[in-house]
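Encoded as structure tokens, the structure appears first; notes follow it.
The values are calculated or read from the model by the stated rules, or taken from the named source; none is laboratory data. Owing to the predicted nature of the structure, the values given are computational and were not obtained by experimental measurement. Ligands, DNA and RNA are stripped out before the accessible areas are found, and what is left, the full protein with its side chains, is counted by its heavy atoms. Shrake-Rupley method; radii C 1.70, N 1.55, O 1.52, S 1.80 Å.
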Amino acid sequence: MPFPHLPRTRTDPRRRTVLASALGAVAVTGCSSTSDGESSGGSQAAFQRVRARAARDSAGLLDRYDATIAAFPALRGRLAPLRAEVARHADAFGWTGEKNATRAKSAAGTASPSPTATRPASERDALAALAALERTLADRRTAAVLDVPGEPARLLASVAAAGAAHVYLLTETTGTSENGAEK
């Protein structure tokens with residue numbers, strides 16, 4: 001006797017759906033016909049500036065993850081996979097692993113203040129702060145895709161998609177929506 005299908009009561013997207021969407025975005029950006037040597041609206045100098053900023057931003061985000069885990073050890077299990085991915089992003093952008101004090105420094109207007117600047121009052125606030133920083137960096141990287149050619153643009157798009165997935169995962173069970181409003 002077949003089992004009846006139960007209706008889904010959950011209306012928000014599942015984690016697998018978000019991750020599959022992010023992977024789909026990466027696959028689509030990888031299907032561009034522009035080769036690395038062709039110009040798609042950017043020069044080598046523009047790419048170097050974007051790459052350096054992305055490396056600094058990823059390193060600053062990595063520091064923020066470290067500070068959050070140090071302040072709230074109970075979040076280690078939840079944040080460790082995201083932190084590891086951010087470390088891979090920093091490496092992909094060519095981060096050399098300078099001292100922590102230098103990591104947090106970035107170009108003017110960066111969204112990553114020193115991780116010790118303010119300590120969130122609760123785990124929920126810490127997750128919301130990480131989500132806001134991830135969102136800001138994902139938006140910045142999405143905009144920068146237009147400034148660089150070929151493979152660097154695909155890398156930026158991939159990391160931006162991963163950042164968007166991180167935002168969802170960080171806000172998924174905190175009880176707040178992505179804009180900070182109560183659910």
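To the nearest 10, the accessible area of residue 65 is 0 Å² with a 1.4 Å probe.
Ordered by 1.4 Å accessible area with all protein chains kept, 172, 123 run largest first as 123, 172. A 1.4 Å probe over all protein chains sorts 136, 68, 142 by accessible area into 142, 136, 68, starting with the largest. Tell me, what is the 1.4 Å probe accessible area of residue 53, in Å² to the nearest 10? Ignoring ligands and nucleic acids, residue 53 comes out at about 60 Å². Accessible-area rank, largest first, for 171, 118: 118, 171, with all protein chains present and a 1.4 angstrom probe.
Rolling a 1.4 Å probe over the protein heavy atoms leaves residue 139 with an accessible area of roughly 100 Å².
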